[in-house]
Structure formats: C-alpha cells, structure tokens
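Let me begin by presenting the structure, written as structure tokens, before commenting on it.
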Amino acid sequence: MAGWLVMADFFASGRVAELILLMLALEGAALGIYHRMTGRGIALRAILPFLLAGAAFALSLRAALTGAGWPLVALPLMGAFGAHVWDIAARWRR
C-alpha cells in the first residue's frame, strides 16, 4: 500500500512532469551529440520542434497536477500547438 502512496505523491507534486522534461532534455542531448560526432542520425534542428512540443505538454501537465490556474495550463498547450505546427510544416517541406 505504501508504494501506491509514494506514486500518488509523485504525480500530485508534478514531479512526473519534471521527469518527463529531464528525459526530453537527455534525448535531445544524446541525439545532438550522436549526430555531431558521427554525422548520422537525426540533426537536432530537425527534432527541435518535436522536443519543444513535448516539453510544453509536460509543463502543462505539471501545472494541471499542481492545481495551477487555467491560464498556466492553457499557455503551454498553446506553445505545444505552435511547436506542433512548426514540426508539421518542416516535415511537409521534406
């Protein structure tokens, strides 16, 4: 039962969103370093809109989980939409 309480606190505190942000940063760094060192893989500029959209969603999730007001939930969602449109437009041109 104690494990469930720990997980409930982990989510309610918004820490889960911080973990997601950390994982996105590590993913971006790893992809960028790999591409720079080998010339293979995905260039960071190609995945940047995707990473920004994910980060914005995570910020919105954190705001919602911690009881922030609706503007602090909606603002990152609008940013995620902008990054998503940027990503789609970039892929459309390829």
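Computed quantities for the displayed model
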item	result
Meets criteria (touching a Pro at 6+ places or on another chain (Cβ under 8 Å) and not β-branched (Val, Ile, Thr)) for Leu59	yes
Ala56 in contact with a Gly (Cβ under 8 Å, 6 or more places away or on another chain) and small (Gly, Ala, Ser)	yes
Residue within the stretch 37-53 that is within 21 Å of Arg94 (Cα to Cα) and out of contact with any helix residue (DSSP H, G or I) (no Cβ under 8 Å at 6 or more places or on another chain) present	yes
Lone unmet requirement of (1) touching a helix residue (DSSP H, G or I) at 6+ places or on another chain (Cβ under 9 Å); (2) closer than 19 Å to Phe57 by Cβ for Leu26	(1)
Residues within the stretch 1-14 that are over 21 Å from Gly79 (Cβ atoms) and modelled with pLDDT of 90 or more, tallied	5
Residue list for the stretch 1-18, restricted to those being of a type outside the set (Lys, Arg), in a helix (DSSP H, G or I) and more than 10 Å from the chain's Cα centre (by Cα)	Ala2, Gly3, Trp4, Leu5, Val6, Met7, Ala8, Asp9, Phe10, Phe11, Ala12, Val16
Every pair of residues 6+ apart whose Cβ atoms lie under 9 Å, when the first sits in the stretch 17-46 and is under 20 Å from Pro76 (Cα atoms) while the second is at pLDDT 95 or above and of a type in the set (Phe, Trp, Tyr)	Ala17/Phe57; Ile20/Phe57
The stretch 43-94, residues that are assigned to a loop (DSSP other than H, G, I, E, B) and hydroxyl-bearing (Ser, Thr, Tyr)	Thr66
Filtered residue count, the stretch 54-89, keeping only those that are farther than 22 Å from Glu27 by Cα and either in contact with a strand residue (DSSP E or B) (Cβ under 7 Å, 6 or more places away or on another chain) or β-branched (Val, Ile, Thr) (or both)	2
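The values are calculated or read from the model by the stated rules, or taken from the named source; none is laboratory data. Since we're looking at a predicted model, the values are computed, not measured. Glycine gets a Cβ as well: all are built from the backbone with ideal geometry, and neighbour counts include every protein chain shown.
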